[in-house]
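Peer 1: This is the structure I have questions about; it appears just below.
The values are calculated or read from the model by the stated rules, or taken from the named source; none is laboratory data. Fair warning: this is a prediction, and the values are worked out from it, not measured in the lab. Cβ placement follows ideal geometry from the backbone for every residue including glycine, while neighbour counts extend to all protein chains displayed. Side chains are part of the model used for accessible areas, which takes the heavy atoms of the whole protein and leaves out ligands, DNA and RNA. Shrake-Rupley method; radii C 1.70, N 1.55, O 1.52, S 1.80 Å.
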Amino acid sequence: MADTSRAARSESGRIARVLEQDSANLLEAWIAAQSKVLSARGSISANELRSQSREFISLLQKAIASGASSVDGPDWDDVRGFLADLSKSRAIQGFSPRETAMFVFSLKEPLFERLGAAANPDADTRTTDVWNASLILDELGIYTTEVYQKSREQLISRQQQDLLELSTPVVKLWDGILALPMVGTLDSSRTQVAMESLLQRIVETGSDVAILDITGVPTVDTLTAQHLLKTVNAVHLMGAECIISGIRPQIAQTIVHLGVELGDVVTKASLADAFRLALSRTGRTVTRIDAHVNDRA
Amino acid sequence: MTVLRCEIVPVRSQQDVVAVRQSVRSLAVAQGLSLVDQTKVVTAASELARNTLDHGGGGTARLEAVIDNGRTGLRLTFEDRGPGIKDVDLALTDGFTTGNGLGLGLGGAKRLSNEFDLWSRAGEGTRVTITRWR
Ligand SMILES: Nc1ncnc2c1ncn2[C@@H]1O[C@H](COP(=O)(O)OP(=O)(O)OP(=O)(O)O)[C@@H](O)[C@H]1O
Ligand SMILES: [Mg+2]
């Protein structure tokens, strides 16, 4: 047991020595290898890449010199922390997963070349060194990819959340008249958020009429229709009236073919028509003050 | 019938369903379908893609631009290896659903298409092909 660990330590010692003594040449060769795999869209300055690479070699050297065999252990905390930061920032900067993982994997070739060079006694030792270095870099490469994946997922879910809120602005058109302009795909979660904010605003403003405008919804299929009907019912339950606007002729025809029954839901082709109706339902009309203004125009 | 263009896309997520709608729309525009026909075929595709995802557990959509005796059109095939449909007539009945939908998608897709072909076997999967001519 003690023997194997001492053997492991002397092996890792050789790798650490190469990383330390030959670090300047290794750095140049590694940067050259990295430049080959980086595309233009992963924007990173030559200086930044150099300082990242230098720091990684030094952290890696220290961790390997500690003799700890598992990259999960506390001796590797700094290396993992560094890679996690690098991976997160690359995920946000738009690097591909390949470009991100290649940071670690591209070190293999220049490092292996140096492990195979002069200072090493025999072929067996060289093979062992390369094998051990390979195991370490593989682990670190996979770790980098995992962090990248997680960061992307977080980024996407944050964007989805932003979009949910962006897509549901309830606007007050007049005293007692609200409009909800819907844009894009009405999936379940978006409809849910939209419906909740609409109902809340109805209560806050004491509105009598809500207009659901679907001018910006390209496709109304049975699921979309179901969501719309649910929203209309909820508005009715609040004691308010609901008008759906933005039903273009082609959408109207499609809804009929689908067999969706809109029942007694009031629908209008445009938001303007819906607004006119809403005004009249709340006891108002729009009249022109001066007919001449329009005549001259 | 000659296939001018063919695209096979996965139907494994909600995003894929959106992507199917977008691809079908641009294909329909390219084939010169009227606005009403574009809307019909996109809506039918949306229904079938969602069935592939929700009931079939995911599958593929084959989107083809076709020409037959000078007529151009779109042929769309949705295929999955899910549980299949036990009673096809019942599934096509308006209002029938085993989920919590309106139960109008399958029949609606048929009414929105010029040609409709449904193959399904319990335990093997489902394949629905629709064609919309210009
Ligand atoms: N690809 C499929 N695999 C298995 N079963 C299916 C498939 N497509 C449809 N079905 C069955 O047919 C039924 C009717 O489908 P249809 O699309 O008409 O309604 P729905 O999907 O339940 O609701 P919606 O109105 O939202 O489409 C489904 O509930 C389901 O049981
Ligand atoms: Mg359906």
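Peer 1: Criterion first (under 18 Å from A:Phe82 (Cβ atoms) and either assigned to a helix (DSSP H, G or I) or assigned by TED's automatic domain parsing to the domain that holds A:Ala84 (or both)) does A:Leu137 satisfy it?
Peer 2: yes
Peer 1: Under 7 Å by Cβ, and 6 or more places apart or on different chains, what pairs join a residue from region A:214-242 that is assigned by TED's automatic domain parsing to the domain that holds A:Leu180 with one that is away from ligand 1 (no atom under 16 Å from the Cβ) and polar (S, T, N, Q)?
Peer 2: These pairs meet every condition: A:Ala240/A:Ser207.
Peer 1: Restricting region B:24-37 to residues that are touching a residue at least 60 places away in the same chain (Cβ under 8 Å) and surrounded by 15 or more Cβ atoms within 10 Å (Cβ to Cβ), which is farthest from the other protein chains (Cβ to nearest Cβ)?
Peer 2: If we take residues in region B:24-37 being touching a residue at least 60 places away in the same chain (Cβ under 8 Å) and surrounded by 15 or more Cβ atoms within 10 Å (Cβ to Cβ), then B:Gln31 is farthest from the other protein chains (Cβ to nearest Cβ).
Peer 1: Condition first: open to solvent by less than 30 Å² (accessible area, probe 1.4 Å) and away from chain A (no Cβ under 14 Å). Can you find one or more residues in region B:12-23 that meet it?
Peer 2: no
Peer 1: May I pose another question? Given (1) touching a Ser or Thr at 6+ places or on another chain (Cβ under 8 Å); (2) modelled with pLDDT under 90; (3) not aromatic (Phe, Trp, Tyr), where does A:Gly176 come up short, assuming only one miss?
Peer 2: (2)
Peer 1: Ok, one more. Quick one: A:Glu196 ticks every box in (1) over 33 Å from the mean Cα position of the chain (by Cα); (2) loosely packed, with under 15 Cβ neighbours inside 10 Å bar one, so which box is it?
Peer 2: Only one criterion in (1) over 33 Å from the mean Cα position of the chain (by Cα); (2) loosely packed, with under 15 Cβ neighbours inside 10 Å is unmet by A:Glu196, namely (1).
Peer 1: Examine region B:25-39 for a residue that is within 16 Å of ligand 2 (Cβ to nearest atom) and out of contact with any Pro (no Cβ under 9 Å at 6 or more places or on another chain), and state whether such a residue exists.
Peer 2: no
Peer 1: Please go through region A:216-227 and pick out each residue that is more than 16 Å from ligand 2 (Cβ to nearest atom), open to solvent by 10 Å² or more (accessible area, probe 1.4 Å) and within 19 Å of B:Lys40 (Cβ to Cβ).
Peer 2: The answer is A:Pro218, and nothing else.
Peer 1: Under 8 Å by Cβ, and 6 or more places apart or on different chains, what pairs join a residue from region A:110-126 that is assigned by TED's automatic domain parsing to the domain that holds A:Leu27 with one that is at pLDDT 85 or above and open to solvent by 60 Å² or more (accessible area, probe 1.4 Å)?
Peer 2: A:Arg114/A:Asn25; A:Ala119/A:Arg17
Peer 1: Residues in region A:193-229 that are more than 14 Å from chain B (Cβ to nearest Cβ) and part of a helix (DSSP H, G or I): how many?
Peer 2: 13
Peer 1: Show the residue pairs that are 6+ apart or on different chains and have beta-carbon atoms under 7 Å apart, the first residue being within region B:92-109 and at the interface with chain A (Cβ under 7 Å from one of its Cβ atoms) and under 16 Å from A:Thr224 (Cβ atoms), the second being open to solvent by 60 Å² or more (accessible area, probe 1.4 Å) and not in a helix (DSSP H, G or I).
Peer 2: Once the first residue is at the interface with chain A (Cβ under 7 Å from one of its Cβ atoms) and under 16 Å from A:Thr224 (Cβ atoms) and sits in region B:92-109, its partners that are open to solvent by 60 Å² or more (accessible area, probe 1.4 Å) and not in a helix (DSSP H, G or I) give B:Leu104/B:Asp94.
Peer 1: Quick one: A:Val260 ticks every box in (1) surrounded by fewer than 18 Cβ atoms within 10 Å (Cβ to Cβ); (2) part of a loop (DSSP other than H, G, I, E, B) except a single one, so which number is it?
Peer 2: Only one criterion in (1) surrounded by fewer than 18 Cβ atoms within 10 Å (Cβ to Cβ); (2) part of a loop (DSSP other than H, G, I, E, B) is unmet by A:Val260, namely (1).
Peer 1: Which of (1) within 11 Å of the chain's Cα centre (by Cα); (2) within 14 Å of ligand 2 (Cβ to nearest atom) is the odd one out, the single condition B:Phe96 does not satisfy?
Peer 2: It is condition (1) that B:Phe96 fails.
Peer 1: Follow-up question, since we're still on this one. Counting residues that are among the charged types (D, E, K, R) and either at pLDDT below 90 or open to solvent by less than 40 Å² (accessible area, probe 1.4 Å) (or both), which helices (runs of 4 or more DSSP H) fully inside region A:1-100 reach at least 3?
Peer 2: A:2-21
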